[in-house]
1. Please work out which residue is modelled with the highest pLDDT, limiting yourself to segment 248-286 and to residues that are open to solvent by 100 Å² or more (accessible area, probe 1.4 Å) and farther than 17 Å from LEU302 by Cβ.
2. If you scan segment 346-382, which residues turn out to be charged (D, E, K, R) and either over 34 Å from the mean Cα position of the chain (by Cα) or surrounded by 13 or more Cβ atoms within 10 Å (Cβ to Cβ) (or both)?
3. How many residues, within segment 107-117, are free of Cβ contacts under 8 Å to residues at least 24 places away in the same chain and either surrounded by 13 or more Cβ atoms within 10 Å (Cβ to Cβ) or within 14 Å of ILE141 (Cβ to Cβ) (or both)?
4. Among the residues of segment 4-46 satisfying the criterion of being open to solvent by less than 70 Å² (accessible area, probe 1.4 Å), under 20 Å from the mean Cα position of the chain (by Cα) and modelled with pLDDT under 90, which is nearest to TYR81 (Cα to Cα)?
5. Residues of segment 287-301 being open to solvent by 40 Å² or more (accessible area, probe 1.4 Å) and outside any helix (DSSP H, G or I), which ones?
6. Please list, ordered by first then second residue, the pairs with beta carbon atoms under 7 Å, 6 or more apart or interchain, first in segment 318-331 and assigned to a loop (DSSP other than H, G, I, E, B), second buried (at least 23 other Cβ atoms within 10 Å of the Cβ).
7. Filter segment 39-73 down to residues that are charged (D, E, K, R) and part of a helix (DSSP H, G or I) and give me whichever is farthest from ILE230 (Cα to Cα).
8. Specify which of the listed residues (ASN134, ASN120, ASN169) is open to solvent by 60 Å² or more (accessible area, probe 1.4 Å) and among the polar types (S, T, N, Q).
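The values are calculated or read from the model by the stated rules, or taken from the named source; none is laboratory data. All values reported here derive from a predicted model rather than from experimental measurement. Glycine also receives a Cβ, built like all others from the backbone with ideal geometry; neighbour counts cover every protein chain displayed. Just the protein is used for accessible areas: all its heavy atoms, side chains included, with ligands, DNA and RNA removed. Shrake-Rupley method; radii C 1.70, N 1.55, O 1.52, S 1.80 Å.
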Amino acid sequence: MDNYAILSVISFMIVFISSLFSIFLFTVKTENKTSNRLIAAFLIIIAIDISSFFYHRFIDMPMVLEMLRMDLPLLSSPLEYLFVLSVIYSDFKIKRIHLLHAIPFLASTLVFMPRFYLSNTEARNSFFETYLDNPEVLFSIIIGHIQVIIYIVAIFIVLKKSKKVMLENFSNATTAKHKWLFQLNIISIILFAFSTGKTIFKFINDDFDTVNIVRIIMAFLVLCFICWLILKALYHPEFFRRIDSKLKPVENIIAKEEIPIEHKEGEEVKQQIQRLRAHMLDQKPYLNPTLTIQNLADDLQLPVREVSILINHHLNQHFFDFVNEYRIQHAKDILQNPTKKQFTILEILYEVGFNSKSSFNTAFKKYANVTPTEYRKKTNHV
């Protein structure tokens, strides 16, 4: 089997799996329809782009459709970016303004219009015969690569900002979603690097055997990526907690203050901190696994903005860490209590407000430097 035959087989597998998964995403009943449709559209574009490596063996695609197929990848990065936004923000909705993300695709199409789309068949054939020598092609490639870099950076910025907001506002914040989306972006970088290398090689060398080897590697990576995406969907059918896009990091709130934050420190702040700590000890709101900073602000009858600044700025802790500190102390008290030896670690973690064993073990080790089991053994031997 030659290299192109191998490439055709892998490409067919990608198209088949992507199409099947996209149909599932479009038809499955879920509250996250927007996210599903965006990632399904992203996969369909990948399938259409890579399909040329096997359909050429059976059909001659009209040149106009072939050119549109080659331009479609300009929509993949915007779709990936919008998908990330839809997963992160609970209030995300597709709006007309999002059509602006299609500008690079439309610009590329317009550039090809005079000498290709509006030309006769003979001129189109000539255009394809000297494809890489045409300035329109170079323009399309450059704008495509710039676009990918911009969206990769934009996704990293969104993930960093949203992770910070989540830790500042939710007591049971999980970073699993951010790690997953971060991995998605890293994979995009790897595929982009291979694609860039292949493009550069095509301009400086006409060794098609080597180009096909690079294509096989890329196609295999794409196949692995799609399989990874499907496995993620199977293991995590639900999306994790999302945040409101209107929530801002505390540092942004402080930056907009008319009075410098330093002027607000003093006796009033100390009293508010004492009141906050007293409330945490007396009322034990941290036992609520879904506690948010809004819930705490309502209990204290203070503006949520003020409570957020109090914890995240004055105490220099994320709300997530602030609450977990009380939960871990409560857990330590239970583990030290000889009358509660019958309590299992799982029962204790649910008792003190955690909702997963992994997050409890991570937090416990952070504050106690040992695992819950080790702490129990250590205190019982004292």
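1. Among them, the one singled out is LEU281.
2. Filtering segment 346-382 down to residues charged (D, E, K, R) leaves 347, 351, 357, 365-366, 374, 376-378.
GLU351, LYS357, LYS365, GLU374, ARG376, LYS377, LYS378, listed by residue number.
3. Of all residues in segment 107-117, those free of Cβ contacts under 8 Å to residues at least 24 places away in the same chain come to 110, 113-115.
Applying the additional criterion that residues be either surrounded by 13 or more Cβ atoms within 10 Å (Cβ to Cβ) or within 14 Å of ILE141 (Cβ to Cβ) (or both) yields 115.
Counting residues in segment 107-117 that are free of Cβ contacts under 8 Å to residues at least 24 places away in the same chain and either surrounded by 13 or more Cβ atoms within 10 Å (Cβ to Cβ) or within 14 Å of ILE141 (Cβ to Cβ) (or both) gives 1.
4. Here the answer is SER35.
5. Initially, segment 287-301 is screened for residues open to solvent by 40 Å² or more (accessible area, probe 1.4 Å), giving 287-290, 294-295, 298-299, 301.
Scanning segment 287-301 gives ASN288, PRO289, THR290, GLN301.
6. HIS318/GLU168; HIS318/ASN312
7. Just the residues of segment 39-73 that are charged (D, E, K, R), to begin with: 49, 57, 60, 66, 69, 71.
From the residues that got through so far, the ones that are part of a helix (DSSP H, G or I) too are 49, 66, 69, 71.
Working: ASP49: 19, GLU66: 28, ARG69: 24, ASP71: 26 Å.
Checking each candidate, the answer is GLU66.
8. Values: ASN134 fails: open to solvent by 60 Å² or more (accessible area, probe 1.4 Å); ASN169 fails: open to solvent by 60 Å² or more (accessible area, probe 1.4 Å).
Exactly one residue qualifies, and that residue is ASN120.
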